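Data block below; observations after.
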Amino acid sequence: MKMKVFVFALCLLVCLVSSQSPSDRAKALLEKMTVAEKFLLVHGSGGPYVGNTPAIPRLNIPSINLEDGPQGVADGVQKVTAWPSALTVVASWDPVMMQFFASAMAVEQRGKGTNVMLGPMMNIARVPQGGRNFESFGEDPYLAAQMAEASVRGIQGEKMIACAKHFVNNNQEYHRTTVSANVDERTQWEIYYPAFQAAVDADVGSIMCSYNKINNTWACENPQTLGDLKERMGFKGWVMSDWGATHTTVQAANAGLDQQMPDASYFGQKLVDAVNASQVKMDRI
């Protein structure tokens, strides 16, 4: 599995007006980037958005401006719309309505300078008292998958990168940063994966891995689930961590995490050192 943060972040941010295909344009940019410039994009940095990476002006690579969220522009931004709960849109059973809903939020995000919208939120409403069920796509995996595809198409149809989250089994807020969701393979594929598979099939640009553990391994360094995502589901975008959900450098990078957010505590100098020590292959960068 190779790190795809550049191939998709750059193709969607830089290549929207290019006559070249996104992959060809991104590959051409990669060939021109220095190693130091590549490392700048695998972790967050300071900036005005909830997540930021710096621009690389000499190559006309813009900053990546990541902003919450699945219910519209968040994080204290002023003069924004208070959108209806996503779950009320899901209750319409109308994917066209969901696509319109997602598109409208993406337009407002773009107007605020965002280019990566941190949504949709697609965790199955498995726990009735789950604190974020209101912004989910409900408890039915088939319906959630239909809405996930429509949402991604709505967001990305407005020249915005969608970020499907939280991968995976992040179905409760209580102890979400410490709990282990222990799930067998059949249940994953029948209940918890379908919405993410639908997002992948809709060419979602990014996916956020979650805070929780899965079968006693952190989601953002879990080779089984991240391997399922990249190899079995066919995801071609990049995986970013939830904010503060990265716990290691070598294990996370080798398992499939592409970008740490919101800082560089594990994917900054520690990742440079790990690559130099051959603990992480350079082709992961």
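The values are calculated or read from the model by the stated rules, or taken from the named source; none is laboratory data. The structure displayed is predicted, hence computed values, not measured ones. Glycine gets a Cβ as well: all are built from the backbone with ideal geometry, and neighbour counts include every protein chain shown. These area figures cover heavy atoms from the full protein model, side chains too; ligands, DNA and RNA do not enter into them. Shrake-Rupley method; radii C 1.70, N 1.55, O 1.52, S 1.80 Å.
With r as the distance between the Cβ atoms of R126 and S21 and R0 = 35 Å, compute the FRET efficiency 1/(1 + (r/R0)^6) and round to 0.05.
The calculated FRET efficiency here is 0.35.
Using DSSP H assignments, which helices in the chain have an axial alpha-carbon span of 18 Å or above and a mean Kyte-Doolittle hydropathy of -0.5 or higher?
Those that clear 18 Å and a mean of -0.5 are 95-111, 141-156.
When the chain is fully extended, how far beyond the present Cα-Cα distance does A91 get from T217, taking 0.36 nm per residue of separation?
42.0 nm
Given R₀ = 25 Å, FRET efficiency for K112-E173 by Cβ-Cβ distance, to 0.05?
0.45
With r as the distance between the Cβ atoms of D283 and S180 and R0 = 35 Å, compute the FRET efficiency 1/(1 + (r/R0)^6) and round to 0.05.
Result of the calculation: an efficiency of 0.65.
Test of understanding: what is the full-extension gain from T34 to V80, defined as 0.36 nm times their sequence separation minus their Cα-Cα distance?
12.7 nm
Bin all alpha-carbon pair distances of the chain at 5 Å intervals from 0 and give each bin's fraction as a whole percent.
1, 6, 13, 18, 20, 18, 13, 7, 3, 1, 0
Using a probe radius of 1.4 Å on heavy atoms only, what accessible surface per residue do you get for the chain? Whole Å² is fine.
Accessible area per residue, the chain: 42 Å².
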